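J.: Below you'll find the structure I mean.
The values are calculated or read from the model by the stated rules, or taken from the named source; none is laboratory data. Note that this is a predicted model, so its numbers are computed, not measured. No Cβ is skipped: glycine too gets one built from the backbone with ideal geometry, and neighbour counts run over all protein chains shown.
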Amino acid sequence: MGQARPALTALAVSVLALLEERPMHPYEMYQLLLRRNEDLLVKLRPGSLYHTVARLADQELVRAECVDRAGNRPERTTYRITASGREALRARLSEILRYPAPEYPLFPVALAEAHNLPKDDVLGLVRERVAHLRNDLADLDAMADWARAHEVKRRYWIVLPYLRATLSAELTWLTGFLDELACGALEWEEFDSQTGVRLAGPEHPWADDPTELPPAPRRSAGATP
């Protein structure tokens with residue numbers, strides 16, 4: 001029996017989805033993803049995109065269709081999705097839509113460990129984050145307005161209201177967090193104002209007594225990390 005293929009990465013999903021539209025070469029894919037602002041959804045670099053296409057070709061999920069050369073430009077290989085690629089794309093989309101797999105974003109890690117910074121530092125840093133998020137929210141609104149004005153079918157930009165909703169939820173939570181921290185309702189670590197050294201050791205109880213652990217999160221069956 002052959003080995004199972006590794007799960008498609010986010011960039012591989014984007015590449016296969018593009019090739020469902022029509023055959024194209026990697027540079028065209030890169031430019032099209034940028035024009036559609038899909039770098040908001042996947043980490044997009046030319047080198048990683050070319051590597052992803054090559055890996056998909058090795059797995060026979062795409063195949064080279066022709067090689068063109070225009071003037072002094074390098075050769076460009078046009079790729080087409082295969083039947084196996086279409087099946088893999090649909091299976092991966094179904095899996096991602098069905099199971100809420102952990103994605104391990106960085107911000108929750110920083111938030112969980114923010115008590116290692118003085119209160120005033122955290123207030124200033126999070127206020128900066130809020131300002132950036134408000135700019136991001138305005139950008140999302142501008143993209144959605146453009147899509148409406150150009151009568152782009154909503155199914156092609158349904159991710160924008162989703163991103164807006166998640167961004168708005170974060171802004172709402174952060175605003176409440178800032179209010180609690182600023183007024184003292186949320187207790188914080190004390191630091192020496194001159195040296196920056198913590199005045200008392202951390203009092204984190206969760207790992208001290210193995211008989212009294214917090215409830216473990218329930219992992220969705222079949223979720224892929």
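J.: Report the residue count in segment 8-31 for those that are touching a residue at least 40 places away in the same chain (Cβ under 8 Å), crowded, with 18+ Cβ neighbours inside 10 Å and under 22 Å from the mean Cα position of the chain (by Cα).
T.: Matching residues across segment 8-31 total 8.
J.: Here is a further query. Can residue 130 be described as touching a helix residue (DSSP H, G or I) at 6+ places or on another chain (Cβ under 6 Å), part of a helix (DSSP H, G or I), closer than 30 Å to residue 178 by Cβ and not basic (Lys, Arg)?
T.: Yes.
J.: Also: When the residues of segment 75-94 are narrowed to those that are surrounded by 14 or more Cβ atoms within 10 Å (Cβ to Cβ) and modelled with pLDDT under 95, which ends up farthest from residue 21 (Cα to Cα)?
T.: 76
J.: From the set of residues in segment 178-193 that are among the hydrophobic types (A, V, I, L, M, F, W, C) and assigned to a loop (DSSP other than H, G, I, E, B), which is surrounded by the most Cβ atoms within 10 Å (Cβ to Cβ)?
T.: Across segment 178-193, the extreme among qualifying residues is 188.
J.: Can you find even one residue in segment 102-115 that is among the hydroxyl-bearing types (Ser, Thr, Tyr) and either surrounded by 10 or more Cβ atoms within 10 Å (Cβ to Cβ) or touching a strand residue (DSSP E or B) at 6+ places or on another chain (Cβ under 8 Å) (or both)?
T.: Looking for residues that are among the hydroxyl-bearing types (Ser, Thr, Tyr) and either surrounded by 10 or more Cβ atoms within 10 Å (Cβ to Cβ) or touching a strand residue (DSSP E or B) at 6+ places or on another chain (Cβ under 8 Å) (or both), one finds none in segment 102-115, hence no.
J.: Please work out if residue 5 is part of a loop (DSSP other than H, G, I, E, B), in contact (Cβ under 8 Å) with a residue 60 or more places away in the chain and not aromatic (Phe, Trp, Tyr).
T.: Yes.
J.: Determine if segment 65-74 includes at least one residue that is at pLDDT 95 or above and surrounded by 12 or more Cβ atoms within 10 Å (Cβ to Cβ).
T.: Scanning segment 65-74 turns up no residue that is at pLDDT 95 or above and surrounded by 12 or more Cβ atoms within 10 Å (Cβ to Cβ).
J.: Also: Could you list, in sequence order, all residues of segment 189-225 that are at pLDDT 85 or above and in contact with a Pro (Cβ under 8 Å, 6 or more places away or on another chain)?
T.: 189, 191
J.: Somewhere in segment 170-177, is a residue under 24 Å from the mean Cα position of the chain (by Cα) and of a type in the set (Phe, Trp, Tyr)?
T.: Yes; the residues of segment 170-177 include at least one that is under 24 Å from the mean Cα position of the chain (by Cα) and of a type in the set (Phe, Trp, Tyr).
J.: Consider residue 34 against the criteria (1) exposed (fewer than 14 other Cβ atoms within 10 Å of the Cβ); (2) outside any helix (DSSP H, G or I); (3) free of Cβ contacts under 8 Å to residues at least 24 places away in the same chain: it satisfies all of them except one. Which criterion is unmet?
T.: (2)
J.: I'd like to check something: does segment 73-88 contain any residue that is in contact with a Cys (Cβ under 8 Å, 6 or more places away or on another chain) and either outside any helix (DSSP H, G or I) or assigned by TED's automatic domain parsing to the domain that holds residue 22 (or both)?
T.: yes
J.: Residue check: is residue 125 touching an Asp or Glu at 6+ places or on another chain (Cβ under 8 Å), in a helix (DSSP H, G or I) and closer than 30 Å to residue 37 by Cβ?
T.: no
J.: Being at pLDDT below 95, part of a loop (DSSP other than H, G, I, E, B) and more than 30 Å from residue 188 (Cβ to Cβ) is the requirement here; does residue 102 meet it?
T.: So residue 102 fails the test.
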